Amino acid sequence: MTSIGIEAFRRRVVERVAYGTITIMCVLVVYDGWSQLRLVGVLGVIVGPIVAMFVSHVFSSSLAQQIDLGRTLNGAEMIATIRSESRFLLLAVPPAVLAAVMTVAGVSLTMTIRTILCVGVGTLGFWGGLAGRRAGFTGWRLVLAVLTGLVVGLLVLAIEVFLQPGKAVTDGVP
């Protein structure tokens, strides 16, 4: 893989992690059935959207390739697409592991979800900082890149809470 190919791969990883993190955060805030769930259900709420995004990426990438090639993909091309997009499934691992560990430790579901959301905000700050560092930022520009990620995470939470007025307080959902 050339250095241009490696940089494109790294760019895609950062893009997918940020996108997936925001999506999971939205699902966790908007989901309205936490009081009836056990750990398996929580894991389903976390993993389900990631699997759906994986399938949608495989499908849309396949369509784009068909347009580029002017034909249907052969088996090897389809497998290459699936393999390329399968990394996206790894986005479900950190929140699922955190939910499992906290549940086994006896932490309440409300606190577990809040923790996952806080980790999500922190993750966006981390990836903002990593992207800033790769872009050559130092000093205040690097700090601003981290803060931008954190602000995006907080903005996502604020929008989701705003779209469900009263739910965050009355249902105990973060």
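If you scan region 67-122, which residues turn out to be charged (D, E, K, R) and over 30 Å from residue 146 (Cα atoms)? Show your work before the answer.
To start, the set of residues in region 67-122 that are charged (D, E, K, R) comprises 68, 71, 77, 83, 85, 87, 114.
Those that are charged (D, E, K, R) and over 30 Å from residue 146 (Cα atoms): 68, 71, 77, 83.
Can you find even one residue in region 110-119 that is free of Cβ contacts under 8 Å to residues at least 12 places away in the same chain and either more than 11 Å from residue 25 (Cα to Cα) or hydroxyl-bearing (Ser, Thr, Tyr) (or both)?
The initial filter retains those residues of region 110-119 that are free of Cβ contacts under 8 Å to residues at least 12 places away in the same chain, namely 111, 118.
After this cut, where a residue has to be either more than 11 Å from residue 25 (Cα to Cα) or hydroxyl-bearing (Ser, Thr, Tyr) (or both) as well, the list is 111.
Yes, region 110-119 contains a residue that is free of Cβ contacts under 8 Å to residues at least 12 places away in the same chain and either more than 11 Å from residue 25 (Cα to Cα) or hydroxyl-bearing (Ser, Thr, Tyr) (or both).
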Task: Leading residue by the ranking (nearest to the chain's Cα centre (by Cα)) among those in region 20-62 that are touching a residue at least 24 places away in the same chain (Cβ under 8 Å) and in a loop (DSSP other than H, G, I, E, B) - done: 31
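When you check residue 130 against the structure, is it without any contact (Cβ under 8 Å) to a residue 12 or more places away in the chain and of a type in the set (A, V, I, L, M, F, W, C), yes or no?
Numbers: without any contact (Cβ under 8 Å) to a residue 12 or more places away in the chain: no; of a type in the set (A, V, I, L, M, F, W, C): yes.
Here the answer is no, as residue 130 does not meet what is asked.
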- [ ] Quickly run through region 63-89 and pick out the residues that are surrounded by 12 or more Cβ atoms within 10 Å (Cβ to Cβ) and under 22 Å from the mean Cα position of the chain (by Cα).
- [x] 81, 82, 84, 85, 86, 87, 88, 89
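Only the coordinates and a few stated rules stand behind these numbers; no lab work does. Quick caveat, the model's predicted, so the values are computed rather than measured. Quick reminder, even Gly has a Cβ in these numbers, built from the backbone with ideal geometry, and neighbours come from all protein chains shown.
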